[in-house]
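Before any comments, here is the structure.
The values are calculated or read from the model by the stated rules, or taken from the named source; none is laboratory data. Predicted model, so just to flag it, every value in this text is computed and none were measured. No Cβ is skipped: glycine too gets one built from the backbone with ideal geometry, and neighbour counts run over all protein chains shown.
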């Protein structure tokens, strides 16, 4: 079933739609979005089971592409739209481009390839999120302490803690639908396939220190589905390319969308 997605928009001009990754929210792109809003109508989206968008038992790329189509129709986004997604959001963007090529002018995918992704690297994060005991939780610091047993990097914990909120009864909860995302982790790693390639201009931005886009992806997997694509590497960036090297990502995206 198609879900009505929560979104935030700013600026005017040609549309630029931005999708976050797993366990993220539209807030992850706020800083760069403000800058792009000087030249674009920027629409930041919370995908299903994330942020302030509705929760559902199913979490597949086919359904997330459908959700996005509903938002495109709702906002009357035309064929001059550029769609950009990071990680899981990048796979949603690829699925949407292959499903609805006439709805887009260009596609941007940040640090993910269409191939199957082994999701074992998310095991510690899933365990950390599930370890927080909300019946005992009194403040954010206690949540951070609980996450620290599984996740050593403070920046990753801060990213995860963006999902923590206080309910009306003063107790805490996760905004993400953690039970479903835990159960659907294998589906989130699924390969993106298509009967017909997406022929329009596509930019893949990868982190030089990330292994999410390999040399084999660049040679075979990406061109097979996106023949009119280029892969740009941001040196010294990991998977969170836009957070680690915002200036470089801003420059690459701005140049690609202007051409």
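Only residues that are out of contact with any helix residue (DSSP H, G or I) (no Cβ under 6 Å at 6 or more places or on another chain) and touching a residue at least 12 places away in the same chain (Cβ under 8 Å) were counted in the stretch 123-133, giving 5.
Scanning the stretch 126-176 for residues that are in a loop (DSSP other than H, G, I, E, B), farther than 27 Å from residue 242 by Cα and out of contact with any strand residue (DSSP E or B) (no Cβ under 9 Å at 6 or more places or on another chain) returns 133, 135, 136, 168, 169, 170, 171.
Set side by side, the residues 133, 169, 155 differ, and just one is under 18 Å from the mean Cα position of the chain (by Cα), loosely packed, with under 15 Cβ neighbours inside 10 Å and more than 30 Å from residue 221 (Cα to Cα), which is 155. On the given criteria, is residue 68 over 15 Å from the mean Cα position of the chain (by Cα), modelled with pLDDT of 95 or more, surrounded by 13 or more Cβ atoms within 10 Å (Cβ to Cβ) and in a helix (DSSP H, G or I)? Taking the combined requirement at face value, the residue does not satisfy it.
Yes or no: the stretch 44-64 includes at least one residue that is in the same structural domain as residue 229 (by TED's automatic domain parsing), crowded, with 16+ Cβ neighbours inside 10 Å and farther than 25 Å from residue 160 by Cβ. Among the residues of the stretch 44-64, not one is in the same structural domain as residue 229 (by TED's automatic domain parsing), crowded, with 16+ Cβ neighbours inside 10 Å and farther than 25 Å from residue 160 by Cβ, which makes the answer no.
Exactly one residue among 226, 198, 204 is within 26 Å of residue 49 (Cα to Cα), buried (at least 19 other Cβ atoms within 10 Å of the Cβ) and modelled with pLDDT of 95 or more, and that residue is 204. Restricting to the stretch 234-251, count the residues that are crowded, with 20+ Cβ neighbours inside 10 Å and outside any loop (DSSP other than H, G, I, E, B). Residues meeting the conditions: 4.
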